[in-house]
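Quick notes on the structure that follows.
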Amino acid sequence: MKSIITSIILSSSVLGNTLPSEQRKTNKSMQATLSPVQKYLQESSAVFYDSKRRVPFVYGTIVGSDGLILTKASELDEVEEFYIRIGAERYKEPTILNKNETWDLALVKVEAEGLIPVKLDGNSEVELGTWTVSNGASDRKTRRPRPGIISANKREIKGGSPAVLGVGFKMEDDKITITKITEDSGAEKSGLEKGDIIIGFDGKEVGDDKEFIELLKAKAAGEIVKLKIQRDEEVLELDVELMARHKLFGGPQSRNDSMSGDFSERRSSFPMVLQHETMLSARSVGGPLFTLDGRFLGMNIAAANRVEAFAIPVENLKSSLSEMKIASGL
Amino acid sequence: MKLRKAIYIFLGVLSMQALADRLYFNDLATPKSLDDLRAIQEAMQSNLSRAREATVCLQIGEGSGSGVIVSPDGLVLTAAHVTGGVGEEVTVVMEDGTEYQGVSLGLNAKTDAAMLKITDSGPFPFVKYDKDDATKLGDWVFSLGHSGGYDKARGINVRIGRLVREAETTIQSDCMLIGGDSGGPLFDMTGKVIGIHSRVGASKEESMHVPLREFQAHWEELEKSDFVGEGPFAKKPVPGSGFLGMMVEEDSEKKGLRVTELWEKGPAEKAGIKVGDLILEVEGESATQELLKSSLGQLGSGQKILIKWTGGKETKEKEVKLEDRP
């Protein structure tokens with residue numbers, strides 16, 4: 001079903017009385033009003049810079065006083081090398097300790113001490129319409145607050161597994177049957193064919209599509225899976241490289257996408273998100289989301305479109321962080 | 001008699017009181033403190049549940065827009081480019097997923113105002129609208145709508161902003177809108193509808209709404225299903241432009257019109273009419289070549305013609321929607 005909105009028009013066609021631009025919702029005077037909240041952003045945000053171009057490309061949320069930072073994993077893939085600023089301080093040679101595909105999180109470590117982490121013991125219970133504060137822009141020393149409001153119900157964002165083989169499949173006679181191979185996908189390169197029946201995944205037997213999807217969801221782009229397939233009378237084992245869904249199927253897909261500007265490539269399949277209306281772009285996610293009282297609600301994870309931004313709720317962030325710490329031997 | 005007079009006076013005083021109760025934060029150049037922001041938030045939140053109950057998703061053919069109920073019997077304000085025409089069948093979806101049937105009433109093709117009526121019986125949750133044109137530039141506003149179409153898990157999307165520009169037939173806010181929001185309501189912080197979402201500008205925080213005064217200027221015409229004005233938001237049906245896709249000849253027994261040929265996938269064929277069927281009535285009168293011709297001569301593409309026909313066993317009657325000539 002298509003969504004209706006008239007075409008984008010030039011604002012010059014609306015003449016009449018105009019509010020001075022500095023009085024608008026996200027402009028300078030509002031930043032001054034938000035200055036009591038700015039200190040929380042200043043303390044607990046990290047700014048990730050592309051070392052080559054020396055520009056910020058994503059934010060991070062400080063989760064350990066000893067230099068542990070969470071950020072949006074898929075944005076890290078976009079640069080070769082990066083450095084980090086916290087406050088006015090610059091940290092070279094950060095290490096990526098662990099990635100979590102389900103939440104699109106990366107745990108990064110810099111050599112630091114005495115940082116002020118966000119409070120992970122809180123909860124994300126918050127009434128619709130509550131003001132929020134996110135990172136809007138940044139210079140070398142200062143993080144700038146951008147206002148928003150909680151704009152819809154907390155929920156799961158569906159969207160299939162983030163890493164994909166590049167196949168379409170369905171259950172036929174109780175068997176997982178390949179119905180489509182996507183061009184330039186790992187599936188095509190591996191020699192997988194239409195009509196193949198999937199019977200094994202990384203040494204395990206799989207019987208139905210739901211189980212198969214669950215196994216895929218735990219995998220990351222770039223990983224190789226061993227697929228056991230049945231083709232006519234033959235049983236074959238194929239190595240298939242997974243690709244990021246947004247890379248294989250990416251690009252603006254709808255009219256709403258084309259009017260949304262610079263949105264996050266990975267913006268779906270999150271088990272739970274808080275949604276807020278904040279003017280964010282792909283480059284301004286990764287940082288913390290606060291209330292006016294400086295209560296930490298979660299971490300901004302996607303600029304989904306022109307009107308919707310998503311944050312991982314603090315409860316989910318806390319449990320993912322524990323898992324990632326264990327996985328990195330911390 | 002005395003009592004009635006007293007009540008009138010009392011009501012008069014109340015409404016003057018309402019005007020005096022202008023929310024203080026609307027007159028600040030910018031909120032000065034977090035408490036000012038909290039006051040804005042509280043005002044909005046106190047009106048949010050009522051406003052959400054009255055905001056609906058409108059599904060028309062393949063498209064999806066928004067609207068807002070303004071009377072207990074189900075009068076809905078929306079945008080002309082959402083309904084697209086007069087007399088269109090609309091599915092009205094409440095936030096909880098309850099569906100009602102509705103039909104589009106009048107529209108203004110120049111300003112993008114439109115109305116529709118829920119045809120199921122009410123009462124429906126509704127909100128008040130700004131009858132006094134009381135809003136001013138800089139007023140804080142909130143915007144509701146089914147962005148991108150109905151999504152039960154998400155619910156209605158809430159946006160906040162200020163009135164940043166006022167012109168004769170358009171008001172502009174810095175709430176953010178997207179496809180699917182069209183036709184949805186813009187509220188002031190007392191919970192009154194002050195505008196209907198129409199279109200967006202190139203920047204994200206540039207949203208245009210039809211002010212309520214534009215609805216009020218043509219309220220009766222819109223209610224009685226008039227097509228008002230000419231402009232970019234709806235195409236007025238051109239009489240004689242409607243295509244039915246059916247060839248007929250006078251039946252030998254003069255009982256109606258015999259269908260001799262049908263345009264493949266044309267409106268008549270889609271309605272279920274078959275070659276050999278007998279058309280009995282057109283627009284409620286006995287079918288003749290002249291009647292069919294003159295009826296079609298008055299109707300345009302997108303409008304409907306009432307046809308009664310029989311295939312021998314059973315008799316059917318349907319409103320067949322005319323299309324553009326292929």
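The values are calculated or read from the model by the stated rules, or taken from the named source; none is laboratory data. What you are looking at is a predicted structure, and each value in this text was computed from that prediction instead of being measured. Ideal geometry is used to build each Cβ from the backbone, glycine not excepted, and the neighbour counts take in all protein chains shown.
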Residues satisfying the stated conditions in segment B:193-204, i.e. at pLDDT 95 or above and either away from chain A (no Cβ under 14 Å) or in a loop (DSSP other than H, G, I, E, B) (or both): B:193, B:194
Strands (runs of 3 or more DSSP E) lying entirely in segment B:146-192 (those with 2 or more residues that are basic (Lys, Arg), in contact with a strand residue (DSSP E or B) (Cβ under 7 Å, 6 or more places away or on another chain) and facing chain A (nearest Cβ under 7 Å)): B:157-166
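Let's see how each residue does on (1) within 12 Å of chain A (Cβ to nearest Cβ); (2) in contact with a strand residue (DSSP E or B) (Cβ under 9 Å, 6 or more places away or on another chain); (3) modelled with pLDDT under 95:
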residue: B:16; (1), (2), (3): no, no, yes
residue: B:19; (1), (2), (3): no, no, yes
residue: B:26; (1), (2), (3): yes, yes, yes
residue: B:38; (1), (2), (3): yes, yes, no
residue: B:43; (1), (2), (3): yes, yes, no
residue: B:49; (1), (2), (3): yes, no, no
residue: B:75; (1), (2), (3): no, yes, no
residue: B:89; (1), (2), (3): no, yes, yes
residue: B:101; (1), (2), (3): no, yes, no
Conditions (1) surrounded by fewer than 18 Cβ atoms within 10 Å (Cβ to Cβ); (2) among the hydroxyl-bearing types (Ser, Thr, Tyr); (3) within 14 Å of chain A (Cβ to nearest Cβ); number of the one not met by residue B:207: (1)
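What number of residues within segment B:127-138 are at pLDDT 95 or above and assigned to a loop (DSSP other than H, G, I, E, B)?
Residues of segment B:127-138 at pLDDT 95 or above: B:127-129.
Next cut, assigned to a loop (DSSP other than H, G, I, E, B) only: B:127-128.
Qualifying residue count for the region: 2.
Right, residue A:99: within 14 Å of chain B (Cβ to nearest Cβ), in contact (Cβ under 8 Å) with a residue 40 or more places away in the chain and charged (D, E, K, R) or not?
No; evaluated as a whole, the condition is false for this residue.
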Residues (surrounded by fewer than 22 Cβ atoms within 10 Å (Cβ to Cβ), out of contact with any Phe, Trp or Tyr (no Cβ under 9 Å at 6 or more places or on another chain) and within 17 Å of residue B:83 (Cα to Cα)) located in segment B:229-253: B:229, B:230, B:231, B:232, B:235
First in segment B:227-254 and closer than 15 Å to residue B:305 by Cβ, second anywhere and β-branched (Val, Ile, Thr) and part of a loop (DSSP other than H, G, I, E, B), Cβ under 8 Å, 6 or more apart: B:246/B:273
Those residues of segment B:289-326 which are surrounded by 18 or more Cβ atoms within 10 Å (Cβ to Cβ) and farther than 26 Å from residue B:84 by Cα, in sequence order: B:308, B:309
Top-ranked residue of segment A:246-286 - restricted to ones that are out of contact with any Ser or Thr (no Cβ under 6 Å at 6 or more places or on another chain), among the basic types (Lys, Arg) and within 21 Å of residue B:154 (Cα to Cα), ranked as surrounded by the most Cβ atoms within 10 Å (Cβ to Cβ): A:267
Per-region count, segment A:60-75, residues surrounded by 16 or more Cβ atoms within 10 Å (Cβ to Cβ) and within 22 Å of residue A:121 (Cβ to Cβ): 10
Number of the condition not met by residue A:118 [criteria: (1) touching a Lys or Arg at 6+ places or on another chain (Cβ under 6 Å); (2) crowded, with 22+ Cβ neighbours inside 10 Å]: (1)
Pair list, Cβ < 9 Å and 6+ apart or interchain, from segment B:53-81 residues that are touching a residue at least 12 places away in the same chain (Cβ under 8 Å) to residues that are crowded, with 24+ Cβ neighbours inside 10 Å and among the acidic types (Asp, Glu): B:65/B:181; B:66/B:181; B:79/B:112; B:80/B:112; B:81/B:112
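Mind listing whichever residues of segment A:76-105 are among the hydrophobic types (A, V, I, L, M, F, W, C), surrounded by fewer than 22 Cβ atoms within 10 Å (Cβ to Cβ) and farther than 14 Å from residue A:328 by Cβ?
Within segment A:76-105, A:76, A:79, A:88 qualify.
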Some residue of segment B:209-230 being at positive phi and part of a loop (DSSP other than H, G, I, E, B): yes
Among (1) within 13 Å of chain A (Cβ to nearest Cβ); (2) aromatic (Phe, Trp, Tyr); (3) part of a loop (DSSP other than H, G, I, E, B) - the single one residue B:124 does not satisfy: (1)
Some residue of segment A:151-159 being within 14 Å of chain B (Cβ to nearest Cβ), free of Cβ contacts under 8 Å to residues at least 60 places away in the same chain and of a type in the set (Gly, Ala, Ser): no
Condition check for residue B:227: touching a Lys or Arg at 6+ places or on another chain (Cβ under 6 Å) and more than 28 Å from residue A:305 (Cα to Cα): yes
Matching residues, segment A:286-325, being β-branched (Val, Ile, Thr) and under 25 Å from residue B:38 (Cα atoms): A:291, A:307, A:312, A:314
Condition broken by residue A:208, with the remaining ones in (1) surrounded by 15 or more Cβ atoms within 10 Å (Cβ to Cβ); (2) within 30 Å of residue B:152 (Cβ to Cβ); (3) not assigned by TED's automatic domain parsing to the domain that holds residue A:90 satisfied: (1)
